[in-house]
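**Student:** Attaching a single structure in structure tokens format; questions to follow.
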Amino acid sequence: MRKTIDHLEPTGGVPRNGVERAKLGISFQAPHVIAAITFHLLDARIATGVCPESARRTVARLSRAAAPVVEISRSFWGEMSNHERLAWLLTSTETTYDVGRDGLAVLSARPK
């Protein structure tokens, strides 16, 4: 039996047979990193929200790189708790936060 390799369609990026291939890892672009950090801060009830301006500044800082901001294997991500995922996202992006009295988290670059 002859095996064939399906190539990606030039316009849609979907394999010709319509089946999506599972990726070995997870890649986060800047906006997705901030969305994930926001989710974990709210889910863990660390903050009631994230300051929109600090989120925009952080996206701008992280967007300067053309490649994905962070990548992680699916198996490693799956083994982490939500608290560990938040810590990993913050460390990987050199981001920190401070929660004010109003409950809003202000994101910023981690001092070097």
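The values are calculated or read from the model by the stated rules, or taken from the named source; none is laboratory data. The model shown is predicted, which means the values in this text are computed figures rather than measured ones. Positions of Cβ are backbone-derived with ideal geometry, glycine not excepted, and every protein chain shown enters the neighbour counts.
**Student:** Looking only at strands (runs of 3 or more DSSP E) that lie completely in segment 50-112, which have at least 1 residues being at pLDDT below 95, surrounded by 11 or more Cβ atoms within 10 Å (Cβ to Cβ) and out of contact with any helix residue (DSSP H, G or I) (no Cβ under 8 Å at 6 or more places or on another chain)?
**Tutor:** Numbers: elements: 70-73, 95-99, 104-109.
Qualifying strands (runs of 3 or more DSSP E): 70-73.
**Student:** If you don't mind, there's one more thing I want to ask. When segment 88-102 is examined, which residues are found to be under 17 Å from H32 (Cβ atoms) and aliphatic (A, V, I, L, M)?
**Tutor:** L89, L90
**Student:** Output the qualifying pairs, or none if there are none: Cβ atoms under 9 angstrom, residues six or more apart or on different chains, first residue in segment 83-112 and at positive phi and touching a residue at least 24 places away in the same chain (Cβ under 8 Å), second residue outside any helix (DSSP H, G or I) and loosely packed, with under 14 Cβ neighbours inside 10 Å.
**Tutor:** So the pair list comes out as G103/T48.
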